[in-house]
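The values are calculated or read from the model by the stated rules, or taken from the named source; none is laboratory data. Because the structure is predicted, anything quoted here is derived from the model rather than measured. Positions of Cβ are generated from backbone atoms using ideal geometry, with glycine treated the same way; all protein chains shown enter the neighbour counts.
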There are 2 protein chains.
Amino acid sequence: MSNAPILAALCASIEPVEKRFSDLTQKRLDAKTKPRGSLGRLEDLACQLASVQRTATPSVSSKAVVVMGADHGVAEEGVSAYPQEVTAQMLLNFARGGAGINVLARHSGARVVVVDIGVAHPLPAMPEIFSQRVRAGTANFTKGPAMSLDEATRAVLVGASLASQLADSGVNLIGIGEMGIANTTASSAMTAVLTRTAVEEVTGLGTGIDSATRTRKIDVIRRAIQVNRPDAKNPMDVLHKLGGLEIAGLAGVVLGAAARQTAVVIDGFIASVAALIATRMVPAVAGYLIASHRSVEIGHRVVLVELGRMPLLDLGLRLGEGTGAALAMNLIDAAVAVLSEMATFESAGVTDAGR
Amino acid sequence: MSNAPILAALCASIEPVEKRFSDLTQKRLDAKTKPRGSLGRLEDLACQLASVQRTATPSVSSKAVVVMGADHGVAEEGVSAYPQEVTAQMLLNFARGGAGINVLARHSGARVVVVDIGVAHPLPAMPEIFSQRVRAGTANFTKGPAMSLDEATRAVLVGASLASQLADSGVNLIGIGEMGIANTTASSAMTAVLTRTAVEEVTGLGTGIDSATRTRKIDVIRRAIQVNRPDAKNPMDVLHKLGGLEIAGLAGVVLGAAARQTAVVIDGFIASVAALIATRMVPAVAGYLIASHRSVEIGHRVVLVELGRMPLLDLGLRLGEGTGAALAMNLIDAAVAVLSEMATFESAGVTDAGR
């Protein structure tokens, strides 16, 4: 039985954001005691949230960062600085609260939702890890598709369902992050195909490989594209042939969040590729996306341009896990605070000489 | 009686930051469960704080944003979009908690310290405004010095004394912000002289003037430089002839904070010019400075390059008041949280394949 009709129905249910609420919000901001527009992108953020939530009083009262973990068969080609076992080890670290994303999400008042959507090594059952394993890691995509089309579809639906559950529980801002040894290789491959860019222009150093390993990584990606011949115009074709389970799952979170009129904060390169897949399926999704940061990974720049989103931060981050998204949530909170807490020229008795 | 010897003693008491604590901190960060260096500028921030506080376990447990307000005689030349009365009105707004800086400082857990160091219109006595009026605004500097050298020195010492009091009360991170109608005119004039840059290259639109007003502003600044002939090599000469009381006061906060081994978060253009004056007086001050953001004001870029500080944020802000500094404090908090809360490879049982 195919899951394709369920995915098609999900996509069909997504409506564009409503700009009139953004305009209303800009009017509210223009009455505040500051020169018009002088809070720059904080004002844009407040307006975007208004258009997403269909209100002139948007709220980010409940925030979550979804971190999906999965393994990649292509790791056996020696494209990463770390062994595959690290994916499982890091999911346990997330569950225990000791990783970068735990610290930064706590700092931003966001909960971390850890999902095993396809880690190769089995993980113990524990309440802190949401087990939604579609398969135990992808296949080595230099030898054929990373996963079947149906597996990719199921992974997308896992993410969409989770986003919907979070919305049900009152979450009104969702960050997306990932963990998966070798997942920059999958992301670079997908970016090259989806944006029709030369492989070497979108392939970086990942967690810190040397230049010989990068040369091998580029060769691996070229072979994967030759073997699989993905159709650049068909995002699900690219996703199942060159993607990863966590990338598929996060694309699903984006689609599910958009369907529930909830803004999504994208993390780095891999999460952005997931968002790109979602926008290729439903272009209206773009209005729901907030790009948190520009990572060091060279492919990220290309994906951000393609998404048409300007990142909020540029701090030389390259950790993933949703860490950039968690940091950016602080700025989004600040934007909402400005809108809800600042005095107006009238209430404060300040002369308004602005236009 | 001259205050110059007191200022000279303050400057002589400032010692450079100690890099060995930065190196120790980088070692601590390298043991955390993440690829080496993958938290980019957050790691740099943690290391800088360590070098400032002379410890491998830096803390930002108590934060304050000092907002100094003063008026500028040059406002009578019609260089601002707002009338001079707005300076006093906004100080009252700060005191009541309704301004942008109040909202953003609250969001970052920082207290706001409002200082009247020379507002033209008298303000009512109130506990929320620290009254340290050196004079009721500067003179119009197109006709002579903005203030006397002794007045400038006294304003610097007001700031230094305040920084020292804050350090005494346990504050370990100080942001600097300002309010003063026409103070971008003073800042552009000082920047042109201190960095030997053409006036038109460092003169922007302030709170939102039109292009005819900007042309007048440039002319006003050129005349001020011609009339006063400031000595670019003598920061106090530039400060008293072309500066403002709040700019002098904030330069003093920077010097006072550095003397007390306390990091300073610079806000936008005007606060950065104050920091530049301080570094010209004592170059070692630079190690204490954290540049919060790059503002829209074109002169800010020039000052940041001169300071050798890369801003953390670039969000199109142009409000001043310390708003950018308050936002950046969130990132600084995050950097300290990473250092103190993240698990190590050893404690989390994660394979460390990094160099």
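Values computed for the structure shown
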| read-out | value |
| --- | --- |
| Residue in the range B:28-51 that is within 14 Å of chain A (Cβ to nearest Cβ), crowded, with 22+ Cβ neighbours inside 10 Å and closer than 18 Å to A:Thr351 by Cβ present | no |
| Residue satisfying condition, being in contact (Cβ under 8 Å) with a residue 24 or more places away in the chain and within 23 Å of the chain's Cα centre (by Cα), within set B:Val103, B:Val17 | B:Val17 |
| Residue check for A:Leu162: in contact (Cβ under 8 Å) with a residue 12 or more places away in the chain and in a loop (DSSP other than H, G, I, E, B) | no |
| Selected residue [more than 24 Å from B:Leu162 (Cβ to Cβ) and of a type in the set (Lys, Arg)] from B:Arg229, B:Arg280, B:Arg260 | B:Arg229 |
| Failed item, numbered, when B:Ser13 is tested on (1) assigned by TED's automatic domain parsing to the domain that holds B:Ala343; (2) among the small types (Gly, Ala, Ser); (3) surrounded by 24 or more Cβ atoms within 10 Å (Cβ to Cβ) | (3) |
| All positions within the range A:313-334 that are assigned to a loop (DSSP other than H, G, I, E, B), facing another protein chain (nearest Cβ under 7 Å) and in contact with a helix residue (DSSP H, G or I) (Cβ under 6 Å, 6 or more places away or on another chain) | A:Leu315, A:Gly316, A:Leu317, A:Leu319 |
| Any hit, the range A:76-85, residues being within 30 Å of A:Thr215 (Cα to Cα) and in contact with a Phe, Trp or Tyr (Cβ under 7 Å, 6 or more places away or on another chain) | no |
| Extreme residue, surrounded by the most Cβ atoms within 10 Å (Cβ to Cβ), among residues of the range B:188-247 that are of a type in the set (S, T, N, Q) and in a loop (DSSP other than H, G, I, E, B) | B:Thr203 |
| Meets criteria (closer than 17 Å to B:Ser51 by Cβ and either out of contact with any strand residue (DSSP E or B) (no Cβ under 7 Å at 6 or more places or on another chain) or not β-branched (Val, Ile, Thr) (or both)) for B:Ala335 | yes |
| Residue within the range B:121-129 that is within 14 Å of chain A (Cβ to nearest Cβ) and hydrophobic (A, V, I, L, M, F, W, C) present | yes |
| Tally of residues being within 13 Å of chain A (Cβ to nearest Cβ), crowded, with 24+ Cβ neighbours inside 10 Å and under 25 Å from B:Pro16 (Cβ atoms) across the range B:294-312 | 1 |
| Failed condition for A:Arg280, given (1) basic (Lys, Arg); (2) in a loop (DSSP other than H, G, I, E, B); (3) more than 10 Å from every other protein chain (Cβ to nearest Cβ) | (2) |
| Single residue of the range A:79-100 satisfying the filter (of a type in the set (Gly, Ala, Ser) and more than 12 Å from A:Gly180 (Cβ to Cβ)) that is farthest from the other protein chains (Cβ to nearest Cβ) | A:Ala95 |
| Boolean, B:Gly109 is within 14 Å of another protein chain (Cβ to nearest Cβ), modelled with pLDDT of 95 or more and on the phi > 0 side of the Ramachandran plot | yes |
| Failed item, numbered, when B:Ala291 is tested on (1) more than 9 Å from chain A (Cβ to nearest Cβ); (2) small (Gly, Ala, Ser); (3) crowded, with 21+ Cβ neighbours inside 10 Å; (4) in contact (Cβ under 8 Å) with a residue 40 or more places away in the chain | (4) |
| Within the range A:248-264, tally of residues that are surrounded by fewer than 24 Cβ atoms within 10 Å (Cβ to Cβ) and not in a helix (DSSP H, G or I) | 3 |
| Conditions (1) closer than 23 Å to A:Leu91 by Cβ; (2) more than 14 Å from every other protein chain (Cβ to nearest Cβ): number failed by A:Val285 | (1) |
| Within the range B:75-100, tally of residues that are farther than 22 Å from A:Phe345 by Cβ and in contact with a Lys or Arg (Cβ under 9 Å, 6 or more places away or on another chain) | 1 |
| Tabulated pairs, the range A:171-193, first touching a residue at least 12 places away in the same chain (Cβ under 8 Å), second among the charged types (D, E, K, R) and assigned to a strand (DSSP E or B), C-beta under 7 angstrom, 6+ apart or interchain | A:Val171/A:Lys63; A:Leu173/A:Lys63 |
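Condition check ((1) under 16 Å from the mean Cα position of the chain (by Cα); (2) assigned by TED's automatic domain parsing to the domain that holds A:His72; (3) more than 30 Å from A:Ile14 (Cα to Cα)) across all residues:
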| site | (1), (2), (3) |
| --- | --- |
| A:Ser148 | no, yes, no |
| A:Val158 | yes, yes, no |
| A:Leu162 | yes, yes, no |
| A:Ile174 | yes, yes, no |
| A:Ser187 | yes, yes, no |
| A:Leu205 | no, yes, yes |
| A:Ile209 | no, yes, yes |
| A:Asn234 | no, yes, no |
| A:Val238 | no, yes, no |
